[in-house]
Every structure is written in structure tokens, then in C-alpha cells.
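Any read-out appearing in this document is the output of simple, stated calculations on the displayed coordinates, not a laboratory observation. Keep in mind it's a predicted model, so treat the numbers as computed, not measured. Glycine gets a Cβ as well: all are built from the backbone with ideal geometry, and neighbour counts include every protein chain shown.
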Amino acid sequence: MELLLFGLSALLMLISTFFFIVSGIGLVRMPDLYMRMSATSKAATLGAACAFLAGALYFYDNLSVALRVFAGILFIFATAPIGAHMIGRASYARGVAVWEGAVIDEMEGCYDRSTHSFHSSPQHNQTTATTPDETGTAPQAPAATSQQAAP
Amino acid sequence: MNDYHEGLQLFMIYVILPLLTIGVLLTLWRLVRGPTFPDRVVALDKLSVIAIGIILAYAIGLNRPVYVDIALIVAMLSFLTTVGFGYYIERRV
């Protein structure tokens, strides 16, 4: 029984180091900030979760450790996408260039620099840029406000 | 404590920690080289996530269950750091 648990723990730790190394290679080799962020936020999160599970399997007779491990996995899975989205949004708003081989940039011209908010279409942004008091035409206004993120 | 404990602890110290060092070195390369400031922030975020793995490997390798708490705290601090840097990047003109 103990041999099985410890073997599983060693295997999970090996899987976690594999994911960490893969995300490191992605961080070095990817040509673009946004692709690098996808490599770190997905692979590294899975690696940390596997490491937590390995710890839980090693301290199998200590139930409080298992509870902490559960909380840690839940916390990491909840916060890693939020942090990655936040960094990506901020760096796009700041003007970090996408890769020159990228086919399409759908967010081009949708960022309003005066209000720090993204709009759903570039046309709406132009209307707000010319007349800042009005919030766009009637059919576009609800979509724009729903897309607007909290400052 | 028996042979299984000792074998897994030696495995953590002599196999897992050197492999994790490879990931740390790759991340440090991006942290030093990164052309833009958000690249460095992403590398720093990943460095703290690898630190969680290192702390858990130490917790198994030294047989200390208390170290799991430290891994939890490091996870929370890395999230706070990322959010703070996000605000800083966006508001800076």
C-alpha cells in the first residue's frame, strides 16, 4: 500500500517537473509575449497542481495536509487565468506588439486610451474619440458597456 | 520511517530538484533577456510557480508537512504580485 502511494507520488512529481520544463522551453522559444503567456499559464499551473498532489500522497496519514493541498489546487486553478488575463490585457493596452507572422489581430483599434477600456468594434471607438460626451449609437451601446472591464 | 520513505526522499533530493533547476534556468534566461517589461513579469510569475514545486519537493525530501503551508502562501503572494504588476503596466503612460 505504501509502495503504491509513494510510487504514485514520485510519478506525479516527475510529471510536474516535465510540465515545468515544457513551460520553460515554451517561455524561451515562443516568438511573442502572448504565446509565452499561454505556455506559462497553462503548463506551469498543471505542474504546480501535480506537485501539490504528490505532497498529498506522501503525507497520506496527515489529513490536514490533504485539506491544504485541496485549497492550494483550487486557489491556483482560480487565480492563474485571472493573472494571465490581467497581464495580457495590460500589455496589449500598453502597445506590446504581436508577432509579425500573426494572421489577424481582432482587437486592433478597439482600445480607448482615455478611459482604459476595450470596445467591441473599432467604429465605436472612433465615434467616442470624435465626440467624447456621447456613448455611441443606440444599437452599439449595450455591447460596448458589456465589454467594458472594471478599471 | 522505513526504506520507502528514505527512497522517495532521496529521489526528491537527487532527481527532482536538479530537473526543476533546468526549468528555473530557462525561466531566468527569459527574465534577463526579455525584450519588453511584461515579458519579465510573466517570467517572474512562472518563477514563483516553480518555487511552489521546489518547496513541495523539499517538503517531501525533508519530511516536513509544515512546508506545504509555505507553498500555499507563495501561491497567494504570486497572485498578488501579478495583479499589482498588471495595474502598474496598464496605468503607466
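A few points about this structure:
- Meets criteria (of a type in the set (D, E, K, R) and at the interface with chain A (Cβ under 7 Å from one of its Cβ atoms)) for B:ASP3: no
- Check on B:ILE60, within 8 Å of chain A (Cβ to nearest Cβ) and of a type in the set (Val, Ile, Thr): yes
- Selection status of B:VAL49, over 14 Å from the mean Cα position of the chain (by Cα) and not polar (S, T, N, Q): no
- Qualifying residue in the stretch B:32-43 (condition: farther than 30 Å from A:SER114 by Cα, more than 9 Å from chain A (Cβ to nearest Cβ) and touching a residue at least 24 places away in the same chain (Cβ under 8 Å)): no
- Selection of the stretch A:6-38 for residues being touching a residue at least 24 places away in the same chain (Cβ under 8 Å) and within 7 Å of another protein chain (Cβ to nearest Cβ) yields A:PHE6, A:SER9, A:ALA10, A:MET13, A:SER16, A:THR17, A:PHE20, A:SER23, A:LEU33, A:MET37.
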